[in-house]
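The values are calculated or read from the model by the stated rules, or taken from the named source; none is laboratory data. Not measured: the values here are computed from a predicted model. Neighbour counts run over all protein chains shown; Cβ positions are idealised from the backbone, glycine included. SASA here: full protein model, heavy atoms, side chains in, ligands and nucleic acids out. Shrake-Rupley method; radii C 1.70, N 1.55, O 1.52, S 1.80 Å.
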Amino acid sequence: MVHTLNMVHLKVVPDDRRERTRELKRQRILDAAGAVIDREGLAGLTMQAVADQLDCAVGTLYTAFRSKAELVAALQSDAVATLERSYRTGRAHWDEDLAGEDVGDSTRPLVELLAHAGFLVAAAVVYPDEIALVRELLGEAPPTAPPLERSLAGELLPVLHRTLDPVVGRLGDAVDAQSLQPGDPVSRALVWHAALLGVLRLERLAPVDRHLFRAAPLARSLAEALLVGWGADADEVEVASTWVERLTARGPLAPPPE
């Protein structure tokens with residue numbers, strides 16, 4: 001019996017060690033890819049640039065990732081995880097700040113939806129690389145981006161759902177509270193993200209007219225218009241927007257994850 005247990009132990013430990021070594025290698029490559037994005041932007045991410053960052057042969061990367069598309073997919077998963085943690089931290093603060101406040105049951109989900117819009121605006125400043133990767137995940141890819149591989153679709157679908165889940169949940173709450181008319185929450189969440197992430201691109205035109213092309217008020221106006229279009233009362237949306245302004249004054253909407 002002792003001999004058998006030792007044989008099992010000897011078989012498991014090396015496999016476990018190899019898995020840890022494999023994961024450490026993948027993480028080093030992801031960290032190097034993140035450094036390239038920090039320096040060159042997402043459009044400058046190439047397998048050769050990552051290899052240069054690691055001072056290794058480019059073929060080494062393909063022992064961990066089958067293609068650039070797979071590497072980008074892994075970066076997107078990490079980006080969504082970072083944004084998820086920041087959002088959860090921010091939402092916990094919102095819950096604390098709104099506890100005991102006289103926020104109506106029908107207004108509360110609208111507050112949280114508009115706060116999420118504010119979160120995206122803030123995250124574009126605090127987590128620009130992560131937001132860029134989410135934009136690509138949702139279809140806004142730079143010209144140099146690799147085409148989506150069919151083999152990666154199954155891996156990216158859960159990441160996409162994780163991106164949409166916070167808004168899907170809040171939209172469901174709003175329908176339950178009769179703040180919004182019934183509608184497909186996933187389709188609405190896609191429209192929400194595509195519209196808000198798109199309007200944030202107008203910030204690059206700020207040097208032309210800093211009043212006209214300010215991302216934050218544009219995003220807030222767009223989010224309010226979407227909610228009204230989905231059946232929210234305009235006056236109630238205005239009240240919810242006032243609550244979000246108070247939350248913004250109390251702390252960052254995209255805080256460092258706890």
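What to note about this one:
- Candidate set from the stretch 149-174 (those that are open to solvent by 40 Å² or more (accessible area, probe 1.4 Å) and either among the hydrophobic types (A, V, I, L, M, F, W, C) or not in a helix (DSSP H, G or I) (or both)); member that is modelled with the highest pLDDT: Leu160
- Some residue of the stretch 129-148 being closer than 30 Å to Ala232 by Cα, basic (Lys, Arg), surrounded by 16 or more Cβ atoms within 10 Å (Cβ to Cβ) and modelled with pLDDT of 90 or more: no
- Residue list for the stretch 204-232, filter: outside any helix (DSSP H, G or I) and touching a residue at least 40 places away in the same chain (Cβ under 8 Å): Trp230, Gly231, Ala232
- For the stretch 47-70, the candidate set comprises residues that are under 21 Å from Leu133 (Cα atoms) and small (Gly, Ala, Ser); within that set, the residue that is nearest to the chain's Cα centre (by Cα) is Ala69.
- Test: residue in the stretch 194-203 that is open to solvent by 80 Å² or more (accessible area, probe 1.4 Å), at pLDDT 90 or above, closer than 16 Å to Val121 by Cβ and outside any loop (DSSP other than H, G, I, E, B): no
- When residues of the stretch 215-245 are limited to those that are of a type in the set (D, E, K, R) and surrounded by 14 or more Cβ atoms within 10 Å (Cβ to Cβ), the one nearest to the chain's Cα centre (by Cα): Arg220
- Note on the stretch 1-89: enclosed helices (runs of 4 or more DSSP H) holding 2 or more residues that are open to solvent by less than 20 Å² (accessible area, probe 1.4 Å) and either modelled with pLDDT under 90 or farther than 30 Å from Glu112 by Cα (or both) are 2-40, 47-54.
- Filter result (surrounded by fewer than 15 Cβ atoms within 10 Å (Cβ to Cβ) and either under 26 Å from Val228 (Cα atoms) or among the β-branched types (Val, Ile, Thr) (or both)) within the stretch 98-123: Ala99, Glu101, Asp102, Gly104, Asp105
- Scanning the stretch 201-208 turns up no residue that is under 18 Å from the mean Cα position of the chain (by Cα) and within 20 Å of Val168 (Cβ to Cβ).
- Selection count where residues are in a helix (DSSP H, G or I) and open to solvent by 60 Å² or more (accessible area, probe 1.4 Å), scope the stretch 246-258: 4
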